[in-house]
Amino acid sequence: MDPFIRIQNISKRFGKLSAVDNVSFNLERGELFSLLGPSGCGKTTLLRILAGFEKPTEGYIEIDGQDMANVDPADRPVNIMFQSYALFPHMSVSNNIAYGLKRASLPADEIKVRVEELQRLVHLTEMGERKPSTLSGGQRQRVALARALARRPKLLLLDEPLAALDKKLRSETQFELVNIQEKLGTTFIVVTHDQEEAMTLSTRIGVMDNGKLVQTAIPNEIYEQPVTRFVADFVGEISFLEATVKERIGKHWLMDAAAPIHAIGDKNLKSGMKVSLAIRPEKITLTPQSTGSLNEFPVDIEDLAFYGAGTQYKVIGPDGMKLKVYQSHNQPSQANSKKLEKGFVHFLPESIIILQG
C-alpha cells in the first residue's frame with residue numbers, strides 16, 4: 001500500500017545556504033506528525049514547500065498519489081495554520097471560520113451547517129458573534145484551527161500552533177488538539193521547537209538539525225533511543241560522559257570513563273572504541289549512603305532546583321564527573337536527600353545510551 005504522503009529527497013537552497021538538505025519521509029493517512037528542531041533548522045521551510053509557498057530545489061512531494069510539482073498552493077488539498085493565527089479582527093468568530101468556504105462559493109446552507117459543526121468541535125458554540133479581540137489566546141487558537149479545517153483539507157500544516165499560549169493553557173490545548181485530530185482523522189504535520197509539545201501530540205516525530213532529518217521515530221523511541229548526540233541533547237535533560245570501551249564482561253561492556261561504568265550495548269562495540277555515554281536524570285538514584293549497587297559513585301551535591309513534583313540536582317562525582325539527577329517526591333526513601341551536601345548515585349547498565357561517532 002502506497003503512503004498517503006511521500007516526501008522524497010527534498011532540498012531547498014537559498015544561494016549557498018542549504019535550508020533543507022535531502023529530506024525524505026512518508027506519512028500514513030491520519031497521522032499526527034511533528035517536525036521538531038531548533039530555530040533555523042529548516043522545519044518551517046519544509047512546511048512552506050509542502051504548502052506550495054516555496055519551490056524545492058530538488059526532490060518531489062506526493063499527496064494521496066498526486067505529484068504536487070505543478071500544483072498551485074490554492075489547488076493543493078492542504079491548509080496551513082500560522083503561529084500568529086491571522087484572524088480577521090473585524091469579522092465575528094463564525095465569519096472567520098466561514099471565510100474560506102465563502103471564497104469557494106459553497107451554498108449558504110452548507111456553510112452554515114459546516115460552521116456550526118466546527119464551532120461544536122472546538123467548543124465555541126456560544127461565541128459565534130464575538131470578535132477575536134474579545135477572546136482569550138486559547139479561544140483564538142481554536143478559531144484559527146476551525147477556519148483551517150473548514151474546507152476539509154487532506155493535510156493540515158500547523159506552524160508553532162501553541163507558541164502564543166501560556167504554559168498551563170498550552171498543556172490543556174495539546175490534548176484538545178489531539179482529540180480533534182483523532183475525531184476528524186485529518187493528517188496533521190506540526191512544526192515545533194518544543195520537545196514536550198512534540199512528545200504529547202505526535203504519533204511520530206522527525207527531528208531536524210541544520211536542514212537534515214536526523215531521526216524519525218515514535219516519541220518513546222526518540223527519547224529512549226536517540227541515534228545522535230544532538231537528538232539526545234535536544235529532547236529532554238541528559239548528562240554525557242566521554243568513555244573508551246574496555247572489554248566485554250558477560251552481557252555488559254566495561255567502559256573506561258571518569259570512573260568504571262558497566263553498560264549494555266550492541267555487539268558492534270570494540271575494545272578501544274571512543275564513545276559517549278548518555279543518561280537521563282530520572283534514571284539515576286541519589287542516596288545518603290552507599291547501597292553497593294553497580295555503577296555507584298560518591299558525589300558532592302553542587303546545586304538543586306525544586307520543581308514541585310520532584311527535585312533536580314547537579315552533582316559532581318569522581319574526576320569531575322558531572323551528572324543531573326531528578327528525584328521524584330513520591331519516593332519517601334529519598335526525601336531527605338535534598339538536605340545532603342554529599343551522597344551516592346547509582347544507575348542500571350541498561351539505563352545508559354551508548355552513542356558512537
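Restricting to region 21-39, give me the number of residues that are part of a loop (DSSP other than H, G, I, E, B) and surrounded by fewer than 15 Cβ atoms within 10 Å (Cβ to Cβ).
Count: 5.
Given the options E182, E197, E117, name the one that is under 19 Å from M81 (Cβ atoms) and either surrounded by 17 or more Cβ atoms within 10 Å (Cβ to Cβ) or of a type in the set (F, W, Y) (or both).
The conditions single out E197.
If I ask for residues that are of a type in the set (S, T, N, Q), in a helix (DSSP H, G or I) and at pLDDT below 90, which ones from region 129-147 would you list?
Matches in region 129-147: Q139, Q141.
Give all pairs with beta carbons closer than 7 Å in which a residue from region 1-29 that is free of Cβ contacts under 8 Å to residues at least 24 places away in the same chain meets a residue that is assigned to a loop (DSSP other than H, G, I, E, B) and surrounded by 15 or more Cβ atoms within 10 Å (Cβ to Cβ); count only pairs at least 6 apart in sequence or on separate chains.
Note: pairs meeting the criteria are N26/P3.
Looking only at region 158-172, which residues are more than 15 Å from the chain's Cα centre (by Cα) and of a type outside the set (G, A, S)?
The answer is L165, D166, K167, K168, L169, E172.
Across region 241-252, which residue is nearest to C41 (Cα to Cα) among those that are without any contact (Cβ under 8 Å) to a residue 60 or more places away in the chain and surrounded by 15 or more Cβ atoms within 10 Å (Cβ to Cβ)?
So the residue we want is A243.
Given the options L177, L145, name the one that is within 21 Å of L47 (Cα to Cα), without any contact (Cβ under 8 Å) to a residue 60 or more places away in the chain, surrounded by 15 or more Cβ atoms within 10 Å (Cβ to Cβ) and of a type outside the set (V, I, T).
Just a single option satisfies the conditions, and that option is L177.
Given (1) in contact (Cβ under 8 Å) with a residue 60 or more places away in the chain; (2) touching a Gly at 6+ places or on another chain (Cβ under 9 Å); (3) of a type outside the set (S, T, N, Q), identify the lone condition not met by V190.
That leaves (2) as the condition not met.
Tell me whether region 99-106 contains one or more residues that are in contact (Cβ under 8 Å) with a residue 40 or more places away in the chain and polar (S, T, N, Q).
No, region 99-106 contains no residue that is in contact (Cβ under 8 Å) with a residue 40 or more places away in the chain and polar (S, T, N, Q).
Quick one: in region 277-315, which of the residues that are polar (S, T, N, Q) and surrounded by fewer than 17 Cβ atoms within 10 Å (Cβ to Cβ) is farthest from P260 (Cα to Cα)?
Checked region 277-315; the qualifying residue farthest from P260 (Cα to Cα) is Q312.
Residues are listed down the side, and each one gets a yes or a no for (1) in a helix (DSSP H, G or I); (2) β-branched (V, I, T); (3) within 11 Å of V143 (Cα to Cα); (4) out of contact with any helix residue (DSSP H, G or I) (no Cβ under 9 Å at 6 or more places or on another chain):
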{"position": "N79", "(1), (2), (3), (4)": "no, no, no, no"}
{"position": "Y85", "(1), (2), (3), (4)": "no, no, yes, no"}
{"position": "P89", "(1), (2), (3), (4)": "no, no, no, no"}
{"position": "G100", "(1), (2), (3), (4)": "yes, no, no, no"}
{"position": "S105", "(1), (2), (3), (4)": "no, no, no, yes"}
{"position": "D109", "(1), (2), (3), (4)": "yes, no, no, yes"}
{"position": "V113", "(1), (2), (3), (4)": "yes, yes, no, yes"}
{"position": "Q119", "(1), (2), (3), (4)": "yes, no, yes, no"}
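When the residues of region 121-137 are filtered to those that are within 28 Å of the chain's Cα centre (by Cα) and surrounded by fewer than 17 Cβ atoms within 10 Å (Cβ to Cβ), which remaining residue is nearest to D166 (Cα to Cα)?
Among them, the one singled out is G137.
Looking only at region 41-56, count every residue that is surrounded by 15 or more Cβ atoms within 10 Å (Cβ to Cβ) and either more than 15 Å from L155 (Cβ to Cβ) or touching a Phe, Trp or Tyr at 6+ places or on another chain (Cβ under 8 Å) (or both) and tell me the total.
The number of residues fulfilling the criteria is 7.
Looking only at region 107-115, decide whether some residue is modelled with pLDDT of 90 or more, in the same structural domain as I180 (by TED's automatic domain parsing) and either polar (S, T, N, Q) or in contact with a Cys (Cβ under 7 Å, 6 or more places away or on another chain) (or both).
no
Would you mind stating whether V325 is assigned by TED's automatic domain parsing to the domain that holds S351, closer than 14 Å to I352 by Cα and surrounded by 12 or more Cβ atoms within 10 Å (Cβ to Cβ)?
yes
Considering only region 158-171, I want to know if a residue exists there that is farther than 18 Å from S34 by Cα and of a type in the set (S, T, Y).
For region 158-171, residues farther than 18 Å from S34 by Cα and of a type in the set (S, T, Y): absent.
Within region 57-77, work out how many residues are crowded, with 17+ Cβ neighbours inside 10 Å, part of a loop (DSSP other than H, G, I, E, B) and in contact (Cβ under 8 Å) with a residue 24 or more places away in the chain.
1
The values are calculated or read from the model by the stated rules, or taken from the named source; none is laboratory data. The structure displayed is predicted, hence computed values, not measured ones. All Cβ positions, glycine included, derive from the backbone under ideal geometry; neighbour counts span all protein chains shown.
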